[in-house]
Each structure stands twice: as C-alpha cells, then as structure tokens.
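In what follows, a structure is listed as structure tokens, so that the remarks can point back to it.
The values are calculated or read from the model by the stated rules, or taken from the named source; none is laboratory data. Predicted model, so just to flag it, every value in this text is computed and none were measured. Heads up, the Cβs are rebuilt from the backbone with ideal geometry, glycines too, and the neighbour counts pull from every protein chain shown.
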Amino acid sequence: MSAHPSSAAPSRHASSGGAAGSPSEAVKPVLAIHGGAGTILRSRMSGVMEAAYRAELAKILADGERQLARGDAALDVAIEAVRRLEECELFNAGKGAVYTADERHELDASVMDGPTRRAGAVAGVTRVRNPVLAARAVMEHSGHVMLIGPAADTFAFEQQLERVEPGWFGTPQRLAQLRVAQASASGQVLDHDGQTLAAAAATPEAPLDERTKFGTVGAVVRDAQGRLAAATSTGGMTNKRSGRVGDSPILGAGCYADARVAVSCTGTGEAFMRLAAAHEISALMRLAGQPLEAACRRVVFEELPVVGGEGGLIAVDDQGGVWLGFNTEGMYRGWVEAGGTPAVGIYKDE
Ligand code: ASP
C-alpha cells in the first residue's frame with residue numbers, strides 16, 4: 001500500500017486519484033477488508049499484538065484470494081471474510097464483541113449484493129454465533145431486509161444457524177474495557193484496539209481515550225464477473241445503551257453495494273448514519289461523476305468531520321479500483337487481488 005498522509009490507498013488507486021483505467025474484463029477480482037479504525041499508535045501497540053493483527057488479516061485475505069481465483073461470487077467472498085473476522089476475538093464483532101452498559105452483547109450486521117441490490121441485516125442479536133450469516137439468511141429467506149432483537153435470533157435458528165450462549169461473545173479484555181469506560185467521566189466509549197485493550201487489561205482504572213478505536217469489521221469485493229458486494233459486522237460501542245443501533249446494519253450508512261461501488265464503514269456510527277456515508281459515495285460517483293478515490297476522500301475527509309464523524313471505510317468499484325482510508329490514526333485493513341499477495345496495514349503512514 002502506498003504511503004499517504006491520512007489514508008492508505010493501494011497502488012491501483014494511488015494518489016493520482018484516477019479509477020483503474022483497464023477494461024473490466026482485464027481487471028483482476030479483488031477483496032478488501034477492515035477490522036476497525038481509530039487511534040492506533042505504534043508507540044502503544046505491543047509487538048506481539050501488532051503481529052497477531054497482521055497475521056490474522058493476512059490469513060483471511062489469503063483465503064479470500066483463493067476464493068477469488070477460483071471464481072467465487074463477490075457476495076460469498078465478502079461474507080466469508082467477515083465471518084472469519086467475527087470468529088477472531090481481536091476484532092469487535094462476533095467473538096470478542098464489546099459489552100453494552102448492562103454487560104451484555106448486542107450485535108449488528110448487514111450484507112448487500114451490488115448487481116441485484118438484494119440486502120439483509122440484523123440488529124441487536126445476542127445468540128447467533130455469526131451475525132453476518134444471519135444477515136444473509138434474512139436477505140435470502142425472510143422476505144424482508146432487516147430483523148431485530150430476539151426475533152432475529154429466532155429466525156437465524158430456524159435457518160439452522162449456530163446458537164451460542166450470550167456469554168460466549170465476551171472476553172476478559174472486553175470486560176476490563178467496559179469497566180474503564182464506566183469509570184471514565186464521559187461514560188460511553190467507542191472502541192477496542194490493541195493498545196487500548198492492553199491498557200484496559202493492565203490498568204483498568206486508567207481512563208480510556210474516547211478517540212481510540214472503532215472495531216467494526218467489513219469486506220468489499222469485486223469478483224471475476226465484475227459483481228460487487230459488501231458486508232459489515234459489529235459489536236457496536238463499549239458501554240452503549242441497550243437497544244442502541246449504529247450504522248453497521250443500516251444499508252447506505254455502514255454498508256452499501258450497487259452495480260458501481262461497494263462500501264463498508266467503521267467509526268462513530270451516529271455520524272455515518274446521519275450522512276448516509278456509504279451511499280453518499282455511490283451518489284457522488286453516479287450524480288457528480290466523481291471517481292472512486294475522489295468520492296471516498298470527500299466523504300472521509302470533508303463530509304464526515306462536519307458531523308463529527310471519525311473513522312474510515314473501504315470501497316471497491318466496478319473497474320476493480322480499491323480505496324481504504326480513514327481520518328483517524330490508523331485502521332486495521334488489507335486487500336488482495338486474485339493471483340496477488342495480501343497487503344496489510346494498520347498505521348496511517350503505511
Ligand atoms: N460503526 C460502529 C457503530 O457505531 C462502531 C465501529 O465502527 O466500531 O456501531
């Protein structure tokens with residue numbers, strides 16, 4: 001990934017800003033993933049923790065590359081990448097999700113298929129092991145787009161998805177993080193990152209930096225046939241009020257795909273919702289004729305800050321262009337194209 005002041009853009013979309021000019025047939029399938037954005041500073045990240053994040057991202061990308069190379073559909077590749085991120089407790093989605101104020105987990109997820117604009121989402125689920133699979137099931141089998149709360153869990157079980165006990169999602173680090181958030185003056189904390197987790201576990205009395213980390217996970221894909229898809233999943237924000245829903249399951253806010261672009265976001269959900277951030281990128285491309293990079297940069301660096309939005313996003317377009325960027329200190333992220341080697345980044349100077 002090329003160096004960039006505040007975002008990391010792959011060479012295919014280097015700072016020249018143009019979309020990949022190749023005809024779509026010649027463009028290789030591509031997968032991009034994120035594991036959350038925030039204040040991720042080298043100085044506060046242990047070497048072991050950093051290596052763990054990088055290894056996990058690279059592994060998921062390598063497996064996604066195999067799927068892309070054998071011609072899997074964009075939707076399948078995006079959902080599988082997010083399912084894997086949900087399974088990894090380093091990230092705030094599925095296992096390892098953050099706690100609500102009343103020490104529970106309420107998980108949100110969404111999926112969207114670009115060519116058909118079919119979509120599915122769940123919010124506030126507490127028992128289905130993989131919320132992203134529940135979102136897919138909603139899309140494919142419910143006749144609806146979004147289900148919430150216990151009814152969404154029940155629906156997922158009817159679709160034979162795996163059930164776990166609510167406590168299964170928790171980890172000691174996340175609980176320590178909750179305690180820190182509850183002890184802090186401002187209460188609600190948007191986060192989970194390596195250094196914050198470590199700090200929380202080591203010194204639970206230390207106040208958490210609210211600007212630290214947004215830990216949602218997501219994937220965007222352009223497959224061999226030029227189809228686009230996006231998937232996003234999250235535990236939300238540490239110490240959130242029970243019933244709070246952020247942008248991640250809201251189509252057009254934290255997740256969106258059409259025939260032109262697929263987007264997955266991470267950050268202060270309320271701001272992304274107010275901006276309809278993911279859809280805004282498509283609108284800028286469609287209505288203002290902006291190329292992918294210009295549209296993404298405008299949303300992340302100009303429009304989001306106006307409504308207090310901190311975070312980032314990943315996006316792919318129908319030409320195979322990729323953009324991964326953020327207005328925070330870092331974002332766990334990576335991308336790979338079929339036949340290529342995964343590129344992984346954490347900090348903003350890589
Ligand atoms: N966007 C998520 C939310 O507001 C948080 C995150 O990205 O970590 O629920």
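Is there any pair linking a residue in segment 57-85 that is in contact (Cβ under 8 Å) with a residue 12 or more places away in the chain and at positive phi to one that is outside any helix (DSSP H, G or I) and surrounded by fewer than 24 Cβ atoms within 10 Å (Cβ to Cβ), with Cβ under 6 Å and at least six apart or on different chains, and which?
Correct list of pairs: 71/224.
Scan segment 236-245 and give yes if some residue there is closer than 28 Å to residue 126 by Cα, modelled with pLDDT of 95 or more, in contact with a Lys or Arg (Cβ under 9 Å, 6 or more places away or on another chain) and crowded, with 24+ Cβ neighbours inside 10 Å, otherwise no.
There is no residue in segment 236-245 that is closer than 28 Å to residue 126 by Cα, modelled with pLDDT of 95 or more, in contact with a Lys or Arg (Cβ under 9 Å, 6 or more places away or on another chain) and crowded, with 24+ Cβ neighbours inside 10 Å.
Results for (1) crowded, with 24+ Cβ neighbours inside 10 Å; (2) at pLDDT 95 or above; (3) hydrophobic (A, V, I, L, M, F, W, C); (4) within 13 Å of the ligand (Cβ to nearest atom), shown as yes or no for each residue.
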residue	(1), (2), (3), (4)
29	yes, yes, no, no
50	no, no, no, no
64	yes, yes, no, no
71	no, yes, no, no
78	yes, yes, yes, no
91	yes, no, yes, yes
95	no, no, no, no
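Can you list residue pairs whose Cβ atoms sit under 6 Å apart, with the first residue in segment 244-271 being within 22 Å of residue 38 (Cβ to Cβ) and the second being among the aromatic types (Phe, Trp, Tyr) and within 7 Å of the ligand (Cβ to nearest atom)? Count only pairs 6 or more apart in sequence or on different chains.
247/272; 253/272; 254/272; 265/272; 266/214; 267/214
Take segment 93-110 and flag every residue that is over 16 Å from residue 181 (Cα atoms) and either aromatic (Phe, Trp, Tyr) or not in a strand (DSSP E or B) (or both).
Initial filter on segment 93-110 (over 16 Å from residue 181 (Cα atoms)): 93-96, 106-110.
93, 94, 95, 96, 106 - these are the residues of segment 93-110 that are over 16 Å from residue 181 (Cα atoms) and either aromatic (Phe, Trp, Tyr) or not in a strand (DSSP E or B) (or both).
From the list 233, 282, 264, which residue is within 14 Å of the ligand (Cβ to nearest atom), of a type in the set (Ser, Thr, Tyr) and either farther than 18 Å from residue 117 by Cβ or in a helix (DSSP H, G or I) (or both)?
When all the criteria are applied, what remains is 233.
Given the conditions (1) buried (at least 19 other Cβ atoms within 10 Å of the Cβ); (2) more than 16 Å from the ligand (Cβ to nearest atom); (3) in a loop (DSSP other than H, G, I, E, B); (4) among the hydrophobic types (A, V, I, L, M, F, W, C), which single one is not true for residue 253?
With (1) buried (at least 19 other Cβ atoms within 10 Å of the Cβ); (2) more than 16 Å from the ligand (Cβ to nearest atom); (3) in a loop (DSSP other than H, G, I, E, B); (4) among the hydrophobic types (A, V, I, L, M, F, W, C) applied to residue 253, the lone miss is (2).
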